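The values are calculated or read from the model by the stated rules, or taken from the named source; none is laboratory data. What you are looking at is a predicted structure, and each value in this text was computed from that prediction instead of being measured. Note that each Cβ is placed from the backbone with ideal geometry, even for glycine, and that neighbours are counted across all protein chains shown.
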Amino acid sequence: MRLNLSLVPSPVQIMRDLLGPEKTYVVGGILRDSLLASFPTPMQTIEVVKGNDWDLATPIRPREVLSRLRKAGITAVPIGIEHGTVAAIFSGVQYEITTFRNDLEYRDGRHPIVQFADSIEEDLKRRDFTVNALALDLESGELIDLFNGIEDLRARQIRTVGDPECRFREDYLRMLRAARFAGKLHGTIETVTFLAIRKNAPWIRHVSAERIREEILKLLAYEKPSHGFELMHECGLLHYVLPELEAGFGVLQNRFHSHDVARHILLSVDAVSHKYPFYRFVTLLHDLGKVPAKRFLERKGDYVFYSHQYISKRMGKQIMRRLRFSNKEIEQSTSIVENHMYNLKPDLSQSATRRFLRKLGRENVDGFLRMRMADRKGNLLNNEGYEKGIFHFLRNLRKIDRDEDALKVRDLKISGYDLIEMGLKPGPIFSTILDQLLEEVLDDPSLNDRAWLLARANEFAAEFKQTGKITVTERAANRDDDEDEEGEENDQSQ
Ligand code: ATP
Ligand code: MG
């Protein structure tokens with residue numbers, strides 16, 4: 001099997017000439033993905049390249065690589081000199097050059113003791129799976145395939161290079177990578193490899209949260225992540241990686257649903273575009289609370305999951321902390337999960353829309369809507385007539401955006417400084433007053449007027465100075481706001 005060498009971009013050709021053509025190989029994902037895209041045509045030459053990660057491998061030691069590139073005037077940075085990797089940058093695009101390694105020794109199933117090697121054969125042998133152990137000879141255009149990776153790729157199966165148990169013991173994360181790549185291929189994990197994972201799945205607990213998170217996010221960027229998660233379930237990894245999702249397998253829902261909780265979640269995840277792996281992750285969390293929330297309601301003669309969104313929110317927060325997501329990501333995700341049951345009635349008022357946006361956060365609307373649509377698609381029994389509420393909500397939203405209606409305290413044309421001017425001392429009363437002003441403005445945006453707000457705040461300040469508290473009005477629109485329970489009563493298909 002060959003690759004048409006005219007497909008190799010000029011930066012790679014330049015580096016080949018600098019490092020010596022007999023000493024430079026293309027390795028890694030780009031070969032696998034280009035081959036995959038060329039199937040099932042029986043052509044002997046790959047004519048289309050898939051992807052743009054041109055990773056190179058060479059026997060030349062990293063310092064020498066660095067100096068040769070720099071001497072030629074190429075921007076080059078050591079991005080992991082201890083792993084032997086140098087990055088060369090051509091017009092903003094990064095190319096990685098890694099010195100051959102054999103990594104014969106591993107410490108504690110996580111960290112290789114890097115040893116440089118002299119032959120491409122040794123380097124390919126240390127790679128995880130046969131489909132990831134291909135190399136392209138840049139002189140002849142021939143693919144080097146020492147472990148039948150091309151055949152495995154054709155069969156869409158993931159098989160370790162060498163004995164799976166040994167390879168997994170070297171690096172436990174490879175077990176999860178097996179499920180991820182099989183997910184990518186829409187394929188399977190070869191039997192011996194699969195059985196080794198089943199046997200050793202508990203080892204995955206020793207892998208750092210960051211590495212696991214990155215694997216999950218990569219899986220979520222594939223076309224159909226459900227496939228990889230199903231494999232993780234089958235080989236026993238999911239129990240350790242996301243026990244909360246594992247618990248949803250076999251938990252049947254009610255007459256509104258065709259799938260158990262886990263499969264409904266996974267179908268919903270598939271239904272979010274692969275361009276948004278983070279929203280897919282949020283979707284993965286949205287119904288986890290259904291497992292603990294499930295109960296039988298005599299009156300309905302069926303199961304209900306009341307308040308599951310709040311349980312999902314708590315569980316999701318724990319999961320994201322465990323996987324070391326940033327606080328900002330956690331906040332965004334919990335807000336979407338918590339609000340995912342909100343009843344988007346086709347006649348939702350403008351003020352109710354503003355109140356909802358205040359809870360959700362304007363910046364989370366995109367994620368919320370993507371998840372809502374996907375949630376519906378994830379339920380094969382019920383996905384008709386649902387768009388009305390969404391279209392109406394979008395119309396309301398457009399008006400709110402156009403009018404720049406205030407949705408949070410910071411949007412008010414008054415601030416804490418004004419309260420200080422009124423002789424108040426900063427303290428909890430500040431947010432009580434500002435929240436109350438926002439409530440009134442949410443009801444009637446025309447009240448976001450500085451003169452009016454100052455006058456109203458002065459009333460509160462005077463009252464506070466006299467009585468030590470302020471009279472908070474009953475929210476006028478309360479009735480069309482906190483209605484989650486009622487919403488759930490009416491709509492159990494989410
Ligand atoms: P992706 O498109 O997902 O990035 P990739 O094949 O480029 O796919 P990477 O994780 O970027 O995957 O790794 C690049 C290459 O390095 C792999 O193809 C594989 O040969 C090797 N590799 C990466 N991680 C490991 C590992 N843990 N053990 C052995 N080899 C590995
Ligand atoms: Mg890669």
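Quick one: what pairs do we get from segment 52-69, first residue more than 15 Å from A117 (Cα to Cα) and within 16 Å of ligand 2 (Cβ to nearest atom), second modelled with pLDDT under 95 and small (G, A, S), C-beta under 8 Å, 6+ apart or different chains?
If the second residue must be modelled with pLDDT under 95 and small (G, A, S), the pairs left are D53/G28; D53/G29; D55/G28; D55/G29.
Can you work out which of the residues in segment 99-123 that are within 26 Å of G20 (Cβ to Cβ) and touching a residue at least 60 places away in the same chain (Cβ under 8 Å) is surrounded by the fewest Cβ atoms within 10 Å (Cβ to Cβ)?
The extreme case among them is S119.
Matching residues to (1) touching a residue at least 12 places away in the same chain (Cβ under 8 Å); (2) among the acidic types (D, E); (3) over 23 Å from M341 (Cα atoms):
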position: G367; (1), (2), (3): yes, no, no
position: R372; (1), (2), (3): yes, no, no
position: K377; (1), (2), (3): yes, no, no
position: H392; (1), (2), (3): yes, no, no
position: N396; (1), (2), (3): yes, no, no
position: L407; (1), (2), (3): yes, no, no
position: D411; (1), (2), (3): yes, yes, yes
position: L437; (1), (2), (3): yes, no, yes
position: V441; (1), (2), (3): yes, no, yes
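Specify which of the listed residues (E215, E244, E210, E223) is of a type in the set (D, E), assigned to a loop (DSSP other than H, G, I, E, B) and touching a residue at least 40 places away in the same chain (Cβ under 8 Å).
E223
Any chance you could count how many residues in segment 237-291 are buried (at least 23 other Cβ atoms within 10 Å of the Cβ), of a type in the set (A, V, I, L, M, F, W, C), within 25 Å of I189 (Cβ to Cβ) and in contact with a His (Cβ under 9 Å, 6 or more places away or on another chain)?
Of the residues in segment 237-291, 4 are buried (at least 23 other Cβ atoms within 10 Å of the Cβ), of a type in the set (A, V, I, L, M, F, W, C), within 25 Å of I189 (Cβ to Cβ) and in contact with a His (Cβ under 9 Å, 6 or more places away or on another chain).
Is at least one residue of segment 422-434 in a helix (DSSP H, G or I) and within 18 Å of S335 (Cβ to Cβ)?
Scanning segment 422-434, I find no residue that is in a helix (DSSP H, G or I) and within 18 Å of S335 (Cβ to Cβ), so the answer is no.
Please count how many residues of segment 81-98 are exposed (fewer than 14 other Cβ atoms within 10 Å of the Cβ) and small (G, A, S).
Here the count works out to 2.
Is there a residue in segment 246-255 that is under 21 Å from Y172 (Cα atoms), of a type outside the set (S, T, Y) and more than 16 Å from the chain's Cα centre (by Cα)?
Yes - at least one qualifying residue is present in segment 246-255.
So, in segment 124-142, exactly how many residues are surrounded by fewer than 17 Cβ atoms within 10 Å (Cβ to Cβ) and either free of Cβ contacts under 8 Å to residues at least 12 places away in the same chain or part of a loop (DSSP other than H, G, I, E, B) (or both)?
Total meeting the criteria: 2.
For segment 74-93, give me each residue that is out of contact with any strand residue (DSSP E or B) (no Cβ under 9 Å at 6 or more places or on another chain), under 29 Å from H111 (Cα atoms) and outside any strand (DSSP E or B).
Within segment 74-93, I81, E82 meet the criteria.
Among V8, V65, V12, which is the only one that is under 22 Å from S91 (Cα atoms), within 16 Å of ligand 1 (Cβ to nearest atom), of a type in the set (A, V, I, L, M, F, W, C) and surrounded by 14 or more Cβ atoms within 10 Å (Cβ to Cβ)?
V12
With the requirement that a residue be modelled with pLDDT of 90 or more and either within 16 Å of ligand 2 (Cβ to nearest atom) or hydrophobic (A, V, I, L, M, F, W, C) (or both), what does segment 102-125 give you?
Within segment 102-125, F116, A117, I120, D123, L124 meet the criteria.
For segment 13-34, what are the residues that are away from ligand 2 (no atom under 16 Å from the Cβ) and of a type in the set (V, I, T)?
Across segment 13-34, the qualifying residues are I14, T24.
Using the structure shown, decide if R324 is assigned to a helix (DSSP H, G or I) and not hydrophobic (A, V, I, L, M, F, W, C).
Taking the combined requirement at face value, the residue does not satisfy it.
Tell me yes or no: at least one residue of segment 35-50 is outside any helix (DSSP H, G or I), within 16 Å of ligand 2 (Cβ to nearest atom), surrounded by 12 or more Cβ atoms within 10 Å (Cβ to Cβ) and at negative phi.
Yes: segment 35-50 contains one or more residues that are outside any helix (DSSP H, G or I), within 16 Å of ligand 2 (Cβ to nearest atom), surrounded by 12 or more Cβ atoms within 10 Å (Cβ to Cβ) and at negative phi.
Here is a list: L231, L219. Which entry is crowded, with 21+ Cβ neighbours inside 10 Å and within 16 Å of ligand 2 (Cβ to nearest atom)?
It is L219.
Taking into account only those residues within segment 161-180 that are closer than 17 Å to N148 by Cα and crowded, with 24+ Cβ neighbours inside 10 Å, which is nearest to ligand 2 (Cβ to nearest atom)?
Step by step, filter segment 161-180, then rank; the result is A178.
May I ask you to verify whether R372 is farther than 25 Å from A271 by Cα and either modelled with pLDDT under 95 or more than 20 Å from the chain's Cα centre (by Cα) (or both)?
So R372 fails the test.
Note down all Cβ pairs under 9 Å where the first residue falls in segment 4-19 and is within 14 Å of T58 (Cα to Cα), the second is of a type in the set (D, E) and part of a loop (DSSP other than H, G, I, E, B), and they're at least six residues apart or on different chains.
R16/E139
I'd like the full set of residues that are over 45 Å from the mean Cα position of the chain (by Cα) and surrounded by fewer than 16 Cβ atoms within 10 Å (Cβ to Cβ), limited to segment 435-468.
Result: A451, A455, N458, E459, A462, E463, K465, Q466, T467, G468.
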